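See structure below.
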Amino acid sequence: MASARQRCATCCALVIFGAGGDLTKRLITPALYNLAKQNLLPERFAIVGVDHNERTTDDWRNGLHDFLEETVKSGKGEFEAKEIDEKVWGELASKMSYIAGDFLKDETYANVRECLQQLNDRQQLEGNAVFYLAAADRFFGPIVDMLGKSGLAKEDQGWRRVVIEKPFGHDLPSAKALNARILKVLREDQIYRIDHFLGKETVQNIMALRFANGLFEPIWNRDRIDHVQITVAESIGIGTRGKFYEQTGALRDMVPNHLFQLVAMTAMEPPASFDADEIRTKKADVFKAVHPLTPKDAVRGQYGPGEIGKQKVAGYREEANVDQNSGVETYVALRLNIDNWRWAGVPFYLRTGKRLPDRWTEIAIHFKHAPLALFRDTPGGTLGPDWLILQIQPEEGIRLRFNAKRPGTEMHIESVAMDFKYSDWFNQPPAVGYETLLYDCFAGDQTLFQRADQVEAAWAVVQPVLDAWGKEPPKDFPNYASGSAGPKCADELIQRDGNSWRSVR
Ligand code: BG6
């Protein structure tokens, strides 16, 4: 939960543009089901799916049910329920209706308006509606224009909110243009820009760790911290997303959004309250304080063939819909300096890549070394650093690594660990990560959504690297084997400062 305030999901209709797409199937529907199971959906609620394919409402909801069922059977995918509670599903399905229509045609919006009117009359939804843009990003601007033109964005009776998925822009100019375009139709407080990393429990928990404890905040600064390493490693390749990835690459896909959310949560100043704008301002301040990047601060890589978990896998250039000579990066590492009183001189190293040995997301805080004099001549040799590791995926937890004396007659120092796992303490209901985001949107809490200035400030940080890489194609791709820890240039980047990466598992 993002906020300490009491929040409540208000009655509304959820209109999903892209109702036949992957996101609706894999994440939105399971999240709605999980909310329904926990009785967290608004008391009066309706779901309207919009997509270009002709199909009946029954076909649509049966298709969604079949997908959930397959996921439960195969045990693969984000939906982790052991079985589908048919009563819960039945109730959810009874709230669903489907409209076939082109996102660019007036007629579609007239149909949506009529449908909302009928639902309002029947279910007293008070005129409230969320429009969820789960469509391809090229439709974001046009759909918002059409919501404006058709009068659907107007708050005559109830509130109107619009959820916009990632990617929000392709670079700084396009993000600015998209913001300007949608802000002609909507007020900022109607816009919910999603970054699904913020829906992850552990990411939200960083706030609790830092600000609800007396222990950490006093040492959370350049006096005590040597550097920070943020890793988002994935073992998957690009799968069927070749076309998308060829235009995107790892930097755009992961850095100004997901990795920067982790940076902001780690580096932000304590907010004075849980007010959404207060928190979002503090996060934007972090991006604004990042020292301008130069090409020296970033390296890129592309996976070649290799092995993951003893299985042979193809290189990026052999994937479907990928150019045989593609220069698109599937790995990126960056070194950030945050020029403010808390962080000046503390490098933040970021890395993310596909086809690394494991799925592994963590924020690792490296504390300054203890002065060595006392232990200089002890058999333990060099003292290891103290680390605080916030584990985000796959297991959620916090690990503290510190030095201890091994029992015995000698002063032999060894690095030991204290582990906290969320699953040992809390009974977490199954979640796909979109539950909180949807709930917050129904409740009107924008804390976990990105404001226009945050998105632009994040793009502004990476723009110099995008520009430099755009001008200079890589010469050594592929430069890391699938299943390896990444390219050599990433090691060199961090070694320049005398540091080294923690191992990916
Ligand atoms: C998406 C990216 O936004 O996030 C994908 O487009 C990436 O390339 C995914 O795999 C990672 O999210 P998660 O929740 O699986 O860690």
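Just so it is clear, none of the values below were taken in a lab; they were calculated from the coordinates. Predicted, not measured: the structure shown is a model, and the values here were computed from it. When we count neighbours, we look across all protein chains shown, and the Cβ atoms used for this are built from the backbone with ideal geometry, even at glycine.
Tabulated data
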quantity	calculated
Taking N as its residue count, the alpha carbon Rg of the stretch 319-472 over 2.2 N^0.38 Å	1.46
Antiparallel DSSP beta bridges within the chain, percent to nearest 5	55
Kirkwood hydrodynamic radius of the stretch 448-505, Cα pairs, Å	14.5
Integer Hz, Karplus 6.51/-1.76/1.60 couplings in order for the stretch 469-478, x for Gly and Pro	5, x, 7, 10, x, x, 9, 10, 7, x
Helix 106-123 vs. the chain, principal-axis angle (Cα, 0 to 90°, nearest 10)	80
DSSP beta bridges in the stretch 12-165 [antiparallel fraction, %, rounded to 5]	0
Cα long-axis angle, helix 140-149 against the chain (0 to 90 degrees, to the nearest 10)	30
Order of THR56, THR436, THR29 under a 10 Å beta carbon neighbour criterion, fewest first	THR56, THR436, THR29
Whole-number percent relative contact order across the chain, with pairs defined as alpha carbons under 8 Å at least 6 apart	19
Sites matching trypsin sites (Lys or Arg not before Pro) across the stretch 263-362 that sit in DSSP coil, with at most 16 neighbouring C-beta atoms within 10 Å	LYS310, ARG342, ARG359
Those trypsin sites (Lys or Arg not before Pro) in the stretch 360-459 that DSSP places in a loop and that have at most 16 other beta carbons within 10 Å	LYS368, ARG376
Cβ-based charge dipole, the stretch 73-152, positive-most Cα from GLY75, GLY101, ASN128	GLY75
Assigned charges on the beta-carbon of Lys, Arg, Asp, Glu; the stretch 12-165 dipole about Cα centre (debye)	240
Cα gyration tensor of the stretch 246-378 - equivalent ellipsoid semi-axes, whole Å, descending	33, 23, 14
Entries of LYS166/LYS283; LYS82/LYS354; LYS310/LYS354; LYS73/LYS312; LYS243/LYS354; LYS282/LYS368 with Cα pairs more than 20 Å apart	LYS82/LYS354; LYS73/LYS312; LYS282/LYS368
Rg to Rh, two decimals, where the stretch 391-471 supplies the alpha carbon set and Rh follows Kirkwood	1.22
For the stretch 25-35, Karplus couplings with θ = phi - 60° (6.51, -1.76, 1.60), whole Hz, Gly/Pro x	5, 6, 10, 5, 5, x, 5, 5, 4, 4, 5
Mean separation of Cα contacts under 8 Å, 6 or more apart, over the residue count of the stretch 12-165: relative contact order %	31
Principal axis dimensions, largest first and in whole angstrom, of the chain by Cα	81, 51, 45
In the stretch 48-144, trypsin sites (Lys or Arg not before Pro) in a DSSP loop with at most 14 other beta-carbon atoms within 10 Å	LYS76, LYS82, LYS105
Rg [Å, one decimal], Dmax [Å, integer] - the stretch 213-323, C-alpha atoms	18.7, 53
The stretch 283-358 - convex hull of the alpha-carbon atoms, volume per residue in Å³	135
Under-5 Å amide H pairs with ILE16, H placed in peptide plane, nonlocal only	VAL48, GLY49, VAL50, TYR132
The stretch 253-405: relative contact order as a whole-number percent, Cα under 8 Å and 6+ apart	15
About the Cα centre, charge dipole magnitude for the chain (Lys/Arg +1, Asp/Glu -1 at Cβ), debye	880
Convex hull volume per residue for the stretch 12-165, taking Cα atoms only, in Å³	103
Cα principal axis extents for the stretch 427-469, largest first, Å	46, 23, 13
Residue-averaged 222 nm ellipticity for the chain, from DSSP H runs of 4+ at -39500 (n - 2.57), nearest 500	-10000 deg cm²/dmol
